[in-house]
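**Q** Okay, here's the structure, questions in a sec.
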Amino acid sequence: MQIKGIVDCDLVNYKEPCLTIEMPKCDFKCDRECGSQVCQNSSLAAAPIIDVSIEKIIKYFDDNPVTKAICFQGLEPFDTFDDLLSFIKAFRVSHNDFIIIYTGYYASEILTELDTLQWYKNIIVKFGRFIPNQKSIEDKVLGVTLSSDNQYAEVIS
């Protein structure tokens, strides 16, 4: 699996401590639509791609007594959907912990992928692009504050 990095104990993206996996690709739709660089994860684009086995990531999660969930985020998890799905399939063999996926897509843009993910338990997707100068919003599903009031999370399975 190709990633940009791992945060071993993330306390920002979910109400429970999570292992966060930084994904390797994005088309920077938020920047393009705003007409300027607004992505907080843009520095990841220059970071090297790391090849790591799914089994190693799962073991890393298992060996950390603090983490209670897995979070996929920036760059854009749905831009490498095959790797994301492969991880979820392998993780679900022995884990029912929540998997959170932060995406800049809106649900209407990824209907096929969402249909596929609905077959797996405990999947949460945070939808919506970052739009600067918008009111932040407390998301009840994630238990965290999101940067733009057009963003929201849903339990999809």
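**Q** Name the residue, out of Cys30, Cys9, Cys39, that is hydrophobic (A, V, I, L, M, F, W, C), in a helix (DSSP H, G or I) and within 22 Å of Thr145 (Cα to Cα).
**A** Result of the check over Cys30, Cys9, Cys39: Cys30.
**Q** Moving on. If you take the residues of segment 70-110 that are part of a loop (DSSP other than H, G, I, E, B) and under 8 Å from the mean Cα position of the chain (by Cα), which of them is surrounded by the fewest Cβ atoms within 10 Å (Cβ to Cβ)?
**A** Here is the first cut: in segment 70-110, the residues part of a loop (DSSP other than H, G, I, E, B) are 74-76, 93-97, 103-106, 110.
After this cut, where a residue has to be under 8 Å from the mean Cα position of the chain (by Cα) as well, the list is 74, 76, 103.
Details: Gly74: 21, Glu76: 24, Thr103: 25.
Ranking the candidates gives Gly74 first.
**Q** Among the residues of segment 112-157, write down those that are modelled with pLDDT of 95 or more, basic (Lys, Arg) and assigned to a loop (DSSP other than H, G, I, E, B).
**A** Lys121, Lys135, Lys140
**Q** Sticking with this one: Which of the residues spanning segment 24-41 are free of Cβ contacts under 8 Å to residues at least 60 places away in the same chain and in contact with a Leu (Cβ under 7 Å, 6 or more places away or on another chain)?
**A** Correct list: Pro24, Lys25, Asn41.
**Q** While we're here: Residues in segment 57-70: is at least one out of contact with any strand residue (DSSP E or B) (no Cβ under 6 Å at 6 or more places or on another chain) and among the β-branched types (Val, Ile, Thr)?
**A** Yes: segment 57-70 contains one or more residues that are out of contact with any strand residue (DSSP E or B) (no Cβ under 6 Å at 6 or more places or on another chain) and among the β-branched types (Val, Ile, Thr).
**Q** Name the residue that is nearest to Thr116 (Cα to Cα), counting only residues in segment 70-102 that are hydroxyl-bearing (Ser, Thr, Tyr) and in contact (Cβ under 8 Å) with a residue 40 or more places away in the chain.
**A** Step by step, filter segment 70-102, then rank; the result is Ser86.
**Q** Mind listing whichever residues of segment 111-126 are among the aromatic types (Phe, Trp, Tyr) and either buried (at least 16 other Cβ atoms within 10 Å of the Cβ) or within 18 Å of Asp27 (Cα to Cα) (or both)?
**A** Hit for segment 111-126 is Tyr120, nothing else.
**Q** Can you say whether Leu19 is touching a strand residue (DSSP E or B) at 6+ places or on another chain (Cβ under 8 Å) and part of a strand (DSSP E or B), as far as the supplied structure shows?
**A** Considered against the rule, which asks whether it is touching a strand residue (DSSP E or B) at 6+ places or on another chain (Cβ under 8 Å) and part of a strand (DSSP E or B), Leu19 comes out as yes.
**Q** (1) closer than 25 Å to Val141 by Cα; (2) modelled with pLDDT under 95; (3) surrounded by fewer than 19 Cβ atoms within 10 Å (Cβ to Cβ); (4) touching an Asp or Glu at 6+ places or on another chain (Cβ under 7 Å): which one isn't true of Gln37, the others all being true?
**A** The one condition Gln37 does not meet is (1).
**Q** In segment 42-69, which residue that is without any contact (Cβ under 8 Å) to a residue 12 or more places away in the chain and in a helix (DSSP H, G or I) is nearest to Tyr105 (Cα to Cα)?
**A** It comes out as Ser43.
The values are calculated or read from the model by the stated rules, or taken from the named source; none is laboratory data. Computed from a prediction, not measured in an experiment: that's the story for all the values here. Neighbour counts run over all protein chains shown; Cβ positions are idealised from the backbone, glycine included.
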